[in-house]
Amino acid sequence: MRIGILGTGTVATALAQSWARAGHDIEVGGRSAEKARAIAEQVGGRAAPPREVVRDKDAVLLAVSWDGVEEMLLSAGAAEGSLRGTPLVEPTNAVEHGVGVLLTTTSAAERVAELAPGAHVVKAFHLFAADQWTKPDAQPVTVAMCGDDAEALRVVSELVRDAGGSPAVLGPLSRARQLEETAGFVIGLAFSGFDPNSAVPRVG
């Protein structure tokens, strides 16, 4: 696939590496052109301005901090429909650092859908640290995801497998807040010194 990466942080870098190893074509853009070039060189891809990164792509990853989401989408031309019809992978955690309380009244994913009219937003990759996708000895994990478009969910499911995870579709995008609250729960426990795994019952 032709994949656009909006962002130059740890999640953007890790998934770009994983998807490049799986044979996908990667183009990277962000607020820092220098960082975008560095990631592109690592993965054998290209760096470009955000508006070019989203053009003619099979999927786009929006991996920036919550306070940078609106700026990034504006620079990519999302308000003008540049992402219309494109699967847009959204792994943002709009939570208070170290506490896990959500900063949005709806969900971050639904807000992204408002900022990118026509994009097929899929909430995914928001629960695990970036090194989950780069460690060669990482244990397989399930990536819970949700979205409204069946084809976009199929595409993102393939990308989840290519990164070493197992996709699990929870439901439509209206359930994104449930996934985001789960991230807040995990973050809150972890920063309080508890293992989140010990707070989730094992089935079977």
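Can you name the residue in the range 168-186 that is open to solvent by 40 Å² or more (accessible area, probe 1.4 Å) and of a type outside the set (S, T, N, Q) and, of all such residues, is nearest to residue 105 (Cα to Cα)?
177
Can you tell which of 40, 47, 36 is over 17 Å from the mean Cα position of the chain (by Cα), open to solvent by less than 20 Å² (accessible area, probe 1.4 Å) and without any contact (Cβ under 8 Å) to a residue 40 or more places away in the chain? Spell out how you get there, then give the answer.
On the way: 47 fails: open to solvent by less than 20 Å² (accessible area, probe 1.4 Å); 36 fails: over 17 Å from the mean Cα position of the chain (by Cα).
Just a single option satisfies the conditions, and that option is 40.
Looking only at the range 88-124, count every residue that is crowded, with 24+ Cβ neighbours inside 10 Å, out of contact with any Gly (no Cβ under 8 Å at 6 or more places or on another chain) and not aliphatic (A, V, I, L, M) and tell me the total.
Final tally of qualifying residues: 4.
Somewhere in the range 79-86, is a residue surrounded by 19 or more Cβ atoms within 10 Å (Cβ to Cβ), among the aliphatic types (A, V, I, L, M) and in contact with a helix residue (DSSP H, G or I) (Cβ under 7 Å, 6 or more places away or on another chain)? Even if it seems obvious, please write down each step before you answer.
Within the range 79-86, the subset surrounded by 19 or more Cβ atoms within 10 Å (Cβ to Cβ) is 82-83, 86.
Next, from what is left, pick out any that are among the aliphatic types (A, V, I, L, M): 83.
Okay, now just the ones that are also in contact with a helix residue (DSSP H, G or I) (Cβ under 7 Å, 6 or more places away or on another chain), so none.
Scanning the range 79-86 turns up no residue that is surrounded by 19 or more Cβ atoms within 10 Å (Cβ to Cβ), among the aliphatic types (A, V, I, L, M) and in contact with a helix residue (DSSP H, G or I) (Cβ under 7 Å, 6 or more places away or on another chain).
Within the range 130-156, how many residues are open to solvent by 10 Å² or more (accessible area, probe 1.4 Å) and either of a type in the set (Lys, Arg) or touching a helix residue (DSSP H, G or I) at 6+ places or on another chain (Cβ under 8 Å) (or both)?
10
The values are calculated or read from the model by the stated rules, or taken from the named source; none is laboratory data. Model, not experiment: these values are computed from the prediction. Every residue, glycine as well, gets a Cβ built from its backbone with ideal geometry; the counts of neighbours run over all protein chains shown. We work out accessible area using only protein heavy atoms, side chains counted, and drop any ligands, DNA or RNA first. Shrake-Rupley method; radii C 1.70, N 1.55, O 1.52, S 1.80 Å.
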